[in-house]
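The values are calculated or read from the model by the stated rules, or taken from the named source; none is laboratory data. Model, not experiment: these values are computed from the prediction. Every residue, glycine as well, gets a Cβ built from its backbone with ideal geometry; the counts of neighbours run over all protein chains shown.
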Amino acid sequence: MLSRRAPSLFARLPTLSNPTRKKIPSWQPHIQLRHKSSQIGFLVDDPYIPRFQLLSPSQLAQKRSAAYAHLSNCNLCPRLCGVNRFERTGTCLIGADVVVNTIAPHFGEEPCIQGRHGSGSVFFSGCNLRCVFCQNHDIAHQKNGFHLTPEELGEWFVKLQDVGNVHNINLVTPEHVVPQVVLSILHARELGLKLPIVYNTSSFDSLESIALLDGLVDIYLADFKVWAASTSKRLLKADNYAETARESVKAMHAQVGDLCFTSDGLAKKGVLLRHLVMPGYEAEGGQIVRWLAEHVSRDLYVHVMEQYHPRAHVGKEKRGRSGRAREVVEGKALRYEEINRAVKGEEVESVKKAAQQAGLWRFVEPAEHALFSM
Ligand code: SF4
């Protein structure tokens, strides 16, 4: 869910501000297939038929009833709250409705996701992680947005398709609203949705969640954030992030495989794996890419991201027990000071090099010719 919000043309809630994250460059609408001969195995039929269009009536009914059952006893993420979300909320703070901050065509994604017309993005409020550096902490760590029923959300998908002319429906930070997402896709299907579904996740998903999404999601746009348990506890406030992400990414890849495109260079199906290189944590990035190559696929499409920027709690003054800011002593009393800087070029390069040495070869990278590459 590294996607950072852009101002909305559609639903826009409280003030959207400071897009400080370095934007992924946008591209000319020309297509050039780089390494065309080697990518040819990763093309799909055009027109592509989204997976949800292929489900039988009985499979659709099963998805619907499973979604309601999960909402009534929510263990759909590793927090395992066990709450009835029609009556109360768990760690993610969200009940049976979704809370949506922004719905809009979005141009901050990878070229193969955003294309020429943008990715139809839905930024959910709430999250099941508490990353101290969260790029969207104002909507992730608190409720901040519109309440929508699953049916209303499905109607927005169709509006993004028919009015926004976007290339896909991109669900950003959806891990805690998977049952509602399932119901919204089913409703949008009835209303005529024909776009691929992108599940844009931190990968802190349960296997039950991924199973519920099987047959509905076309592209898993998945983060793999950190490797060590101590790092996930300190920076993500989750004890078992890497263990969970390993299982989730394997399950996602088992469903949809490696990323495939239509001949216009737009991604349609598969896993696009993102790793945001963190300052001082490049060794963990190396462990992640080696594991991906060995245990998921050497043909995995990977984006090694360099746009880390200190945000949220990083670099803020430490607070005493009373909640009042402590005196800052020679700049040493800042929170998470070890990541209070931009990532260095050599740190990013070391992760890319580790990925290549592990056998990965399909990377998101700017095309030298400024055209559209795949
Ligand atoms: S999705 Fe929310 S309520 Fe359900 S287990 Fe996770 S944090 Fe708890």
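Structure data summary
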{"item": "Matching residues, the stretch 269-287, being in contact with a helix residue (DSSP H, G or I) (Cβ under 9 Å, 6 or more places away or on another chain) and in a strand (DSSP E or B)", "result": "LYS269, GLY270, VAL271, LEU272, LEU273, HIS275, LEU276"}
{"item": "Count of residues meeting criterion [part of a helix (DSSP H, G or I) and of a type in the set (Asp, Glu)] in the stretch 194-208", "result": "1"}
{"item": "Residues of the stretch 43-98 classified as under 17 Å from GLU175 (Cα atoms), buried (at least 18 other Cβ atoms within 10 Å of the Cβ) and away from the ligand (no atom under 12 Å from the Cβ), total", "result": "2"}
{"item": "Extreme residue, modelled with the highest pLDDT, among residues of the stretch 126-144 that are in contact with a strand residue (DSSP E or B) (Cβ under 7 Å, 6 or more places away or on another chain) and within 16 Å of the ligand (Cβ to nearest atom)", "result": "GLY126"}
{"item": "Complete set of residues in the stretch 338-361 that are within 17 Å of GLY315 (Cα to Cα), of a type in the set (D, E, K, R) and in a helix (DSSP H, G or I)", "result": "GLU338"}
{"item": "3 or more residues among the hydrophobic types (A, V, I, L, M, F, W, C): qualifying helices (runs of 4 or more DSSP H) within the stretch 84-167", "result": "150-162"}
{"item": "Meets criteria (closer than 20 Å to ARG246 by Cβ, touching a His at 6+ places or on another chain (Cβ under 8 Å) and not aromatic (Phe, Trp, Tyr)) for VAL226", "result": "no"}
{"item": "Members of the stretch 101-127 that are in contact with a helix residue (DSSP H, G or I) (Cβ under 6 Å, 6 or more places away or on another chain) and either farther than 20 Å from LEU183 by Cα or of a type in the set (Gly, Ala, Ser) (or both)", "result": "PHE107, SER119, GLY120, SER125, GLY126"}
{"item": "Qualifying position, being without any contact (Cβ under 8 Å) to a residue 60 or more places away in the chain, closer than 16 Å to PRO50 by Cα and under 17 Å from the mean Cα position of the chain (by Cα), among VAL249, VAL182, VAL271, VAL198", "result": "VAL271"}
{"item": "Among the residues listed as SER184, SER202, the single one being farther than 18 Å from GLU151 by Cβ, crowded, with 24+ Cβ neighbours inside 10 Å, at pLDDT 95 or above and not β-branched (Val, Ile, Thr)", "result": "SER202"}
{"item": "Only listed residue being crowded, with 24+ Cβ neighbours inside 10 Å and either over 15 Å from the mean Cα position of the chain (by Cα) or under 27 Å from GLU151 (Cβ atoms) (or both), chosen from ASP264, ASP239, ASP218, ASP214", "result": "ASP218"}
